[in-house]
Amino acid sequence: MAIQPMSFLLGLGTAFVLPLLSRVIRPLAVEAAAAGMGFFDEARRVIAEQVETLEDIAAEAKARRAHLIATAEMNGGDSNGAESNGGEPSAEAEPTPARARRRGNGATRRHVS
């Protein structure tokens, strides 16, 4: 079997270039992995904040719905003005005025992680 000079030179060149490339590519790969992890952590934080905001909205909606139901029951939700206690109006139960709700722009609840 004859040795081809071009194949021999390509083999030597590869033996010289591969370690050189690995010294350059490895730090780039490490930096890319670190940047990817940072991006992933930041994305998880943003998603957690958005989930918390949605949970706050859902809780506020539930409280508002409960308040509306309670107000309707206190004000005589039936068409004839009777309470929901068997159709008889209650003389001692007077509706209490609703408390004013405090509203914010959502900037008061910031979590640092």
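Throughout, read-outs are computed from the coordinates displayed, never taken from laboratory work. Source: prediction; values computed, not measured. Neighbour counts are summed over all protein chains in view; Cβ atoms, including those assigned to glycine, are modelled from backbone coordinates with ideal geometry.
Any idea how far apart SER7 and VAL24 come out in nm if each label point goes 7 Å out from Cα toward Cβ? In this crude label model, SER7 to VAL24 measures out at 2.8 nm.
3J(HN,Hα) couplings calculated from phi for the stretch 59-74 with the Karplus curve 6.51 cos²θ - 1.76 cosθ + 1.60 (θ = phi - 60°) are, in sequence order, 5, 5, 5, 5, 5, 5, 5, 4, 5, 5, 5, 5, 5, 5, 5, 6 Hz; Gly and Pro show x. Stretched out straight at 0.36 nm per residue, the stretch from ALA70 to PHE39 would grow longer than its current Cα-Cα span by 6.5 nm.
The phi torsions of the stretch 19-29, fed into the Karplus equation with coefficients 6.51, -1.76 and 1.60 and a -60° offset, translate into couplings of x, 5, 5, 5, 5, 8, 6, 4, x, 5, 5 Hz, rounded to whole numbers, with Gly and Pro shown as x.
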